[in-house]
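Step one of this worksheet: look at the structure below.
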C-alpha cells in the first residue's frame, strides 16, 4: 500500500522544498481537522474527498521551525485517481510503499535552531530523506502499525 507524499514548492514562505503529506491550514467554513485535510488534499493533489475513507486522527504535533500545529488525518483512498497537483504549492508528488517504510532506516538527530535543541526524526526510504514533522507523523503512524523504534 503506497503512501502519498508531496515535495513542497521552493517558492513557499514556510517549509519550502520540504517533503510533506498533503494538507494545510484551516479556513473559514472548515468544520474540523478532517474537513480541512480533505479540502487541502483536493486542492493540492486533486483527491476527491468522497474518494477517502477516514480511518483515524493522530495526536496534534508542532513544526519546530514555524511552530505551526498540525492534526494528522489518516485516510485510505477508495479508488485510483489521477493526481493533479497545484503548481503553486506542490513541486512534485511521489509514493513510498508502506512495507518499505516499516523497515526503512530511521534515526533521531538533535538539531539546533535559534539556540533551541530539538529531536528530529529522519527516514531514508525510496531514495528520499523524509524528516521533520512529516517524519514525526510517519513515526507515530508506523508505531501504531507495530514498528518499535
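The values are calculated or read from the model by the stated rules, or taken from the named source; none is laboratory data. Predicted, not measured: the structure shown is a model, and the values here were computed from it. Cβ: placed from backbone, ideal geometry, glycine included. Neighbour counts: every protein chain shown.
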Out of the residues in region 38-56 that are part of a loop (DSSP other than H, G, I, E, B) and either touching a helix residue (DSSP H, G or I) at 6+ places or on another chain (Cβ under 8 Å) or in contact (Cβ under 8 Å) with a residue 60 or more places away in the chain (or both), state the one that is surrounded by the most Cβ atoms within 10 Å (Cβ to Cβ). 47
Just give me the residues in region 89-102 being over 15 Å from residue 42 (Cβ atoms) and part of a strand (DSSP E or B), in sequence order. 91, 92, 94, 95, 96, 97
Taking residue 35 as meeting all but one of (1) within 13 Å of residue 22 (Cβ to Cβ); (2) surrounded by 15 or more Cβ atoms within 10 Å (Cβ to Cβ); (3) out of contact with any strand residue (DSSP E or B) (no Cβ under 6 Å at 6 or more places or on another chain); (4) modelled with pLDDT of 95 or more, write down the number of the exception. (1)
Leading residue by the ranking (farthest from residue 60 (Cα to Cα)) among those in region 111-128 that are in contact with a strand residue (DSSP E or B) (Cβ under 6 Å, 6 or more places away or on another chain) and modelled with pLDDT of 95 or more: 125
Quick one: in region 61-85, of everything that is modelled with pLDDT under 95 and under 17 Å from residue 35 (Cβ atoms), which residue is farthest from the chain's Cα centre (by Cα)? 69
Scanning region 57-83 residue by residue, the ones that are surrounded by 15 or more Cβ atoms within 10 Å (Cβ to Cβ) and under 19 Å from residue 131 (Cβ atoms) total 7
Check off (1) touching a residue at least 24 places away in the same chain (Cβ under 8 Å); (2) in contact with a helix residue (DSSP H, G or I) (Cβ under 8 Å, 6 or more places away or on another chain); (3) outside any loop (DSSP other than H, G, I, E, B) for residue 59 and give me the number that stays unchecked. (3)
Conditions (1) surrounded by 16 or more Cβ atoms within 10 Å (Cβ to Cβ); (2) out of contact with any strand residue (DSSP E or B) (no Cβ under 9 Å at 6 or more places or on another chain); (3) part of a loop (DSSP other than H, G, I, E, B); number of the one not met by residue 86: (1)
